[in-house]
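The values are calculated or read from the model by the stated rules, or taken from the named source; none is laboratory data. Please read all numbers here as calculations on a predicted model, not as lab measurements. Ideal geometry is used to build each Cβ from the backbone, glycine not excepted, and the neighbour counts take in all protein chains shown.
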Amino acid sequence: MTIVHTLGFPRIGAKRELKQALEQYWRGEIDTATLEARARTLRLRHWQLQHEAGARHLPCGDFSLYDHVLDTALRFGAVPESHTALLAEHRLRGLFALARGHQDARHDLRALEMTKWFDTNYHYLVPELRAGQSFRLEPDDLLGVFHEARAAGFQARPVVLGPVSFLKLAKTIDGSPALELLDALLPHYAALFSALHEAGAEWLQLDEPWLATDLDHATERAFTHAFSALAGVPRPKVLLASYFGPLRENRALALDSGFEALHLDLVRGGEDLEPVLAALPDGMILSAGLNDGRNVWRSDLDGLLATARRIADVIGRERLWLAPSCSLLHVPIDLATETRLDPELRSWLAFARQKIEELALLATALDDPQTAGPALAAQRAVIEGRRRSSRVHRPEVAERLRQHAAGDLAVRAPYAERQSLQRERLGLPPFPTTTIGSFPQTSGVREVRAAWRAGKLDDDQYQATIRKHIAACVREQEAIGLDVLVHGEFERNDMVEYFAEQLEGFAFTRHGWVQSYGSRCVKPPIIWGDVWRPRPMTVDWSRHAQSLTSRPMKGMLTGPVTMLHWSFVRDDVPRQRTALQIALALRGEVADLAAAGLPIVQIDEPALREGLPLRRSDRADYLEWAVEAFRITAAGAGDAVQVHTHMCYSEFNDIIEAVAAMDADVVSIETSRSRMALLDAFVRFRYPNQIGPGVYDIHSPRIPSEAEMLELLERACAVIPAAQLWVNPDCGLKTRDWPETREALTRMVGAARQLRSRLPAAAAEPVEATP
Ligand code: GLN
Ligand code: ZN
């Protein structure tokens, strides 16, 4: 029987049980034992579910209480000195301190930096290493879950993030190359392999997704060295897993690894298949990642079956395993709970469970074609139905795209011209202070939205209540002394869903949660058809907010690229066509905000970078259409309305030119977790417009002092002309509470005032920003 397996499964739980447990634990409502018991229940349930759906080799150790990269760091004792005392005292508290920061009478600990896991919307914690450090193996957590799975009767395969990917994903605090630590690290990997072997693991899964990226020579050598060192130790059989893209020129590295099985992502890396088939070493098993672990569409099983047959013909059925392209972490768990979705749309979808069922059906089709026939025919009908559906394609959207192609909708006046218009209109002091948009989403705010959605509040009552929240928020901001205000985003549950609900072409699940980081989840909308905007979406709220204050108010939108990346995107047209459709829809909204008198519009693009293809050769094309989509949206503002954008990640160096090409008047970026390291990008490249480097980390409950923020700003001043600098937090404040928000922003405004007071009187006049 052909083996079906998965590389990983969602952790959060169909009802976000892990989120609830974690948050209760952090609030001190449940103890460590209870949290661990709940985690165990989830793991068992998920193995059970995968088994029922037809998977036979089940991953273990893919589950995590917070993040698997953090788990790996802990497993090898790779943690900053500052955290070791707390870790020794209470391991779990230490783990969460690394993830979220921790302040009490005895400790004041920073969280690790957080960044995106490859090109996904999952965030991992960046391990902090230093030259010459040592490692120490702590295998108990992994051995524990392995025994747990086995005791429950499952064929469990421990998942281990490989040493090279681990080091490449880490950073060093002294700037030394992390790969230099490989030799110190490998003996501990070897010891882990042996420990798993002794514990009775038949297989282990070694994840090396870094194989799907461009490798320099040092990294290539590191792979060769690591594989040969590890292949030779007493160990279980190893499934080497690469995903998120083709191996391309790294194929030989994987094929020569000396391991027993290789997993390929054939959704994104289909080009690898034939070359790999031609060169697969004798006896090596090929795990074919056939259906998409990162999207929610049902597969064309005829196509996949042809691929599976092709593989079986070349290497034999007994050497073929079937799997999703990557871990299922990136899709919701089970479509069965979506009882209210439009039935036709629902028939087009597959979540984690359905993906495994698809593979099980393919396995049956390989082994016993007769039995699989009717189910294959049923799926064929569904796929055909979607291809032909008249609900998907809208003539008026096609017409709008044609207009765009005919004239350039992306043009604004040059920055210098816009800047003088805007400066006059806004009259801001140097180092203007602002926030990124959202203010605390208190339970009160959430209840109002829930009550309105449930029909317990009518539209008028709802409007009046939200307006009260907006008014209170405006007063707070004035009292704190901020220069550019926001309305607070109280009407939004989620920055993508809010807009998607008002645009045509999007659909929504009720339980389709996907982990973003730790306990934070998102419920990505599904773009299933052409996108357009039937009516204004935010104008009433923003106009009202501006009417409450004489200070400039920002209209707040989510940008087209982020709308795209944080949704499940249709797979029947190229992504850039959908991006263009969204951009044209949002452009209308920007124009409406400008017409309503908003002097500033912020178009958030926090996801621009995560869509960046992993391979350099694929990037220019992506950046071109992504920048174009942003500019089309921004151009709706005209020249006198200042356009801001916001991005939250700290790896800027490789896209800085594209950020400049977006030509927003002001860009605010996340910097505080990386202690302004990303400003390096701006040293090398003279960013022409204005910049707000975030001065404090909103992901952590820790509030830095005014002096700390001032120090970050001073660093920024060293590389960016003062006249270009804005002062703002890293990101929106919706997850924080009011007392800490008030305190943090007051300190931030204090830091900005200190800076201003140091400017010579002449420079206090706004000066020309462009050098
Ligand atoms: N304007 C949004 C907010 O403040 C931006 C969120 C984000 O960057 N992810 O919540
Ligand atoms: Zn942000």
How many residues does the stretch 546-562 hold that are among the aliphatic types (A, V, I, L, M) and within 15 Å of ligand 2 (Cβ to nearest atom)? 3
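Each row is one residue, and each column tells you yes or no for (1) surrounded by fewer than 21 Cβ atoms within 10 Å (Cβ to Cβ); (2) in contact (Cβ under 8 Å) with a residue 40 or more places away in the chain.
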site: 480; (1), (2): yes, yes
site: 500; (1), (2): no, yes
site: 516; (1), (2): yes, yes
site: 522; (1), (2): yes, yes
site: 534; (1), (2): yes, no
Quick one: what pairs do we get from the stretch 150-174, first residue under 18 Å from residue 116 (Cα atoms), second of a type in the set (Lys, Arg), C-beta under 8 Å, 6+ apart or different chains? 172/130
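Answer with yes or no whether residue 558 is crowded, with 24+ Cβ neighbours inside 10 Å and at pLDDT 95 or above.
Values: crowded, with 24+ Cβ neighbours inside 10 Å: yes; at pLDDT 95 or above: yes.
Judged against the criteria, residue 558 is a match.
Can you tell me which of 584, 612, 580, 564 is surrounded by fewer than 22 Cβ atoms within 10 Å (Cβ to Cβ), away from ligand 1 (no atom under 14 Å from the Cβ) and over 28 Å from residue 432 (Cβ atoms)? Show your work before the answer.
Details: 584 fails: surrounded by fewer than 22 Cβ atoms within 10 Å (Cβ to Cβ); 580 fails: surrounded by fewer than 22 Cβ atoms within 10 Å (Cβ to Cβ); 564 fails: surrounded by fewer than 22 Cβ atoms within 10 Å (Cβ to Cβ).
Step by step, each of 584, 612, 580, 564 is checked, and only 612 is surrounded by fewer than 22 Cβ atoms within 10 Å (Cβ to Cβ), away from ligand 1 (no atom under 14 Å from the Cβ) and over 28 Å from residue 432 (Cβ atoms).
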Which of the numbered conditions does residue 714 fail, given that it passes all the others? Conditions: (1) away from ligand 1 (no atom under 16 Å from the Cβ); (2) surrounded by 17 or more Cβ atoms within 10 Å (Cβ to Cβ); (3) in a helix (DSSP H, G or I). (2)
Are there any pairs, at least 6 apart or on different chains, whose C-beta atoms fall under 7 Å, with the first in the stretch 604-616 and modelled with pLDDT of 95 or more and the second assigned to a helix (DSSP H, G or I) and within 16 Å of ligand 1 (Cβ to nearest atom), and if so, which? 604/562; 605/561; 605/562; 605/630
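Which is crowded, with 24+ Cβ neighbours inside 10 Å and either of a type in the set (D, E, K, R) or under 30 Å from residue 300 (Cβ atoms) (or both), of 247, 211?
Details: 247 fails: crowded, with 24+ Cβ neighbours inside 10 Å.
That would be 211, the only listed residue that is crowded, with 24+ Cβ neighbours inside 10 Å and either of a type in the set (D, E, K, R) or under 30 Å from residue 300 (Cβ atoms) (or both).
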Given (1) of a type outside the set (Phe, Trp, Tyr); (2) under 29 Å from residue 384 (Cα atoms); (3) modelled with pLDDT of 95 or more, index of the condition residue 588 fails: (2)
Residue count, the stretch 628-654, condition under 19 Å from the mean Cα position of the chain (by Cα) and away from ligand 1 (no atom under 16 Å from the Cβ), comes to 2
In the stretch 109-140, anything aliphatic (A, V, I, L, M), more than 18 Å from residue 23 (Cα to Cα) and in a loop (DSSP other than H, G, I, E, B) is listed as 112, 126, 131, 137
May I ask you to list the residues in the stretch 277-329 that are of a type in the set (S, T, N, Q), outside any loop (DSSP other than H, G, I, E, B) and in contact with a helix residue (DSSP H, G or I) (Cβ under 9 Å, 6 or more places away or on another chain)? 291, 307
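Conditions (1) more than 19 Å from residue 483 (Cα to Cα); (2) within 16 Å of ligand 1 (Cβ to nearest atom), marked per residue:
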residue	(1), (2)
407	yes, no
412	yes, no
415	yes, no
422	no, no
425	no, no
432	no, no
442	yes, yes
449	yes, yes
All but one of (1) of a type in the set (A, V, I, L, M); (2) touching a helix residue (DSSP H, G or I) at 6+ places or on another chain (Cβ under 8 Å); (3) away from ligand 2 (no atom under 16 Å from the Cβ) hold for residue 662, so report the exception by its number. (3)
Listed residues 561, 539; which is touching a residue at least 40 places away in the same chain (Cβ under 8 Å) and under 17 Å from residue 624 (Cβ atoms)? 561
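Could you go through the stretch 195-206 and let me know if any residue there is in a helix (DSSP H, G or I), surrounded by 16 or more Cβ atoms within 10 Å (Cβ to Cβ) and among the small types (Gly, Ala, Ser). If you could, list the steps in order and put the result at the bottom.
Going residue by residue through the stretch 195-206, those that are in a helix (DSSP H, G or I) are 195-198.
Then drop every residue that is not surrounded by 16 or more Cβ atoms within 10 Å (Cβ to Cβ), which leaves 195-197.
When the remaining residues are screened for being among the small types (Gly, Ala, Ser), the result is 195.
Yes; the residues of the stretch 195-206 include at least one that is in a helix (DSSP H, G or I), surrounded by 16 or more Cβ atoms within 10 Å (Cβ to Cβ) and among the small types (Gly, Ala, Ser).
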Could you say whether any residue in the stretch 671-686 is under 26 Å from residue 576 (Cβ atoms), surrounded by 22 or more Cβ atoms within 10 Å (Cβ to Cβ) and away from ligand 2 (no atom under 16 Å from the Cβ)? no
Considering the stretch 695-708 alone, what residues qualify as being buried (at least 21 other Cβ atoms within 10 Å of the Cβ) and farther than 18 Å from residue 102 by Cα? 695
Do you know which residues across the stretch 27-47 are within 17 Å of residue 96 (Cα to Cα), of a type in the set (Gly, Ala, Ser) and part of a helix (DSSP H, G or I)? 33, 39
Count of residues meeting criterion [surrounded by 16 or more Cβ atoms within 10 Å (Cβ to Cβ) and in contact (Cβ under 8 Å) with a residue 40 or more places away in the chain] in the stretch 218-237: 9
Restricting attention to the stretch 141-185, report how many residues are assigned to a helix (DSSP H, G or I), within 21 Å of residue 127 (Cβ to Cβ) and among the charged types (D, E, K, R). 4
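If you check residue 483 against the conditions, is it acidic (Asp, Glu), part of a loop (DSSP other than H, G, I, E, B), more than 30 Å from residue 388 (Cα to Cα) and at pLDDT 95 or above? Reasoning before the result, please.
Values: acidic (Asp, Glu): yes; part of a loop (DSSP other than H, G, I, E, B): yes; more than 30 Å from residue 388 (Cα to Cα): yes; at pLDDT 95 or above: yes.
Taking the combined requirement at face value, the residue satisfies it.
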Breaking point among (1) in a loop (DSSP other than H, G, I, E, B); (2) modelled with pLDDT of 95 or more, for residue 106: (2)
Taking the stretch 427-442 only, how many residues are out of contact with any helix residue (DSSP H, G or I) (no Cβ under 6 Å at 6 or more places or on another chain) and under 25 Å from residue 648 (Cβ atoms)? 9
Of the residues in the stretch 640-657, those that are surrounded by fewer than 20 Cβ atoms within 10 Å (Cβ to Cβ) and away from ligand 2 (no atom under 16 Å from the Cβ) number 5
